[in-house]
Amino acid sequence: MKSLGIVRKVDHLGRIVIPKELRQSLQIVKGDPIEIFSEDEQIILRKYQANRACFITGDITDDNKELSNGLFISPEGAKILLRQLENMM
């Protein structure tokens, strides 16, 4: 784990602000879910990536299929990918 040299205070509601530069570098936008873990005396925040989420659309459905590389694709994601592949031919 590397130190970024950034210090933030906890406000009266227990919130902290994740610096804009860090959010941009991690591609975290308003509304993104964040996982919270604790380990020893550390708090670990991680951008939440749902299992079975389509790698193209981000959709999570019961119809998502797992590809051989462990990625998941939704029916809509498959259509988008197929169209892109057809346009490349």
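The values are calculated or read from the model by the stated rules, or taken from the named source; none is laboratory data. What you are looking at is a predicted structure, and each value in this text was computed from that prediction instead of being measured. For neighbour counting, all protein chains shown are included, and Cβ atoms are generated from backbone atoms with ideal geometry for every residue, glycine included. Only protein heavy atoms, including side chains, enter the accessible area calculation; ligands, DNA and RNA are left aside. Shrake-Rupley method; radii C 1.70, N 1.55, O 1.52, S 1.80 Å.
Here is how the numbers come out for the structure above:
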| quantity | calculated |
| --- | --- |
| Any chance D11 is open to solvent by 100 Å² or more (accessible area, probe 1.4 Å) and without any contact (Cβ under 8 Å) to a residue 24 or more places away in the chain | no |
| Residues of the range 34-74 classified as among the charged types (D, E, K, R), exposed (fewer than 11 other Cβ atoms within 10 Å of the Cβ) and part of a loop (DSSP other than H, G, I, E, B), total | 3 |
| G77 being at pLDDT 95 or above, open to solvent by less than 60 Å² (accessible area, probe 1.4 Å) and not aliphatic (A, V, I, L, M) | yes |
